[in-house]
């Protein structure tokens, strides 16, 4: 029986949070050291699995699996750079953005913050922050969970506002 990845992660976070509230400082420290030792062992094992694999397609398949990909990210072993994963996420939302006269470009990723440029009808649109939040951020966070924040730094060609409906997210 397979457990959905999100459920396993939520349970682990719940249990670690419970450990952190233990009144006995020695028991708390021992339990947290145990968790850290297990994570260190898993990181070494995952790294060795990747080293032993001669097959780039196999490693790509591992990375594309929701659960295994999450673990590779957790241990800093994901083979695809964050910029590539963010760009792929943006590529998936671009058709939707274009359908509303807008577009998005990745400027750079620095310190866990993705910097984007919104174009077209996104400029001066009251719904642009909602669009960014619901359409773009969701795609970016799904592809790169290590990202802490998505920021729209600039608007290109603000004088060129495409005719048509305002870029908004349907709810």
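Taken together, the values in this text are just the output of simple stated rules run on the coordinates, not laboratory data. Since the model is a prediction, treat every value here as computed from it, not as a measurement. Here the Cβ is made from the backbone with ideal geometry for all residues, glycine too, and neighbour counts use every protein chain on show.
Per-structure values
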item: For a label point 7 Å along the Cα-to-beta-carbon line of residue 16, residues of region 75-110 with backbone N under 11 Å; result: 75
item: Pair residue 113, residue 58: separation of 7 Å Cα→Cβ label points (nm); result: 4.1
item: For region 5-74: rounded, prolate or oblate by the Cα gyration tensor [a/c cutoff 1.5]; result: oblate
item: Residue exposure sequence - 148, 85, 117 - by fewest surrounding Cβ within 10 Å; result: 148, 117, 85
item: Nitroxide proxy distance, nm - points 7 Å out along Cα→Cβ at residue 84 and residue 9; result: 2.0
item: Simple spin-label estimate for residue 94 and residue 38 in nanometres, 7 Å along Cα-Cβ; result: 4.3
item: Length gained when the stretch residue 134-residue 49 is fully extended (0.36 nm per residue, less Cα-Cα span); result: 27.0 nm
